[in-house]
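The values are calculated or read from the model by the stated rules, or taken from the named source; none is laboratory data. Nothing here was measured: the structure is a model prediction, and the numbers come from that model. Note: ideal-geometry Cβ built from the backbone for every residue, glycine included; neighbour counts use all protein chains shown. All accessible areas refer to the heavy atoms of the entire protein, side chains included, with ligands and DNA or RNA removed. Shrake-Rupley method; radii C 1.70, N 1.55, O 1.52, S 1.80 Å.
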Amino acid sequence: MSAFHASVTAGKSGPLIVLTGEVDITNAAELSQLVTGQLTEGTLHLTIDVGGLEFADTAGIRVFLLAAKKLRQRGGDLVLLRPQRALARMLEILGAEEAIEIQGRTRTTPEPEP
């Protein structure tokens, strides 16, 4: 299993978290603490770059969904950047796109014919 690494920097509209490696039940609590730590009272927008994330199970996706819910309650939003194909598909299957803005993803389903 690939190790989980994260870094936090200041983004354009709020914190930017960059994730690499794999997130699963064994380290989802660490991810949760990191994300929760960025959700200070004044934070309305959080961006998480998941382009380097090779794997995320439902425990990791749950962290993203809970953060999105908290931010939406404040009138803000969560953006996931550049998910790899497997993660993008998992987010699609789980309906996470309803709560999380996803940017720069690889299309997982074909466009419908006009």
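Those strands (runs of 3 or more DSSP E) of segment 17-113 in which 2 or more residues are open to solvent by 70 Å² or more (accessible area, probe 1.4 Å) and under 22 Å from SER7 (Cα atoms) occupy 45-56, 101-103.
Filtering VAL79, VAL35 for residues that are of a type outside the set (D, E, K, R), modelled with pLDDT of 95 or more and in contact with a Ser or Thr (Cβ under 7 Å, 6 or more places away or on another chain) leaves a single hit, VAL79. Could you run through segment 3-16 and say how many residues are part of a loop (DSSP other than H, G, I, E, B) and either more than 23 Å from ARG72 (Cβ to Cβ) or in contact with a Lys or Arg (Cβ under 6 Å, 6 or more places away or on another chain) (or both)? Adding up the residues that qualify gives 2.
Filtered by the rule that a residue be of a type in the set (Ser, Thr, Tyr) and over 13 Å from the mean Cα position of the chain (by Cα), segment 15-43 gives THR26, THR40, THR43.
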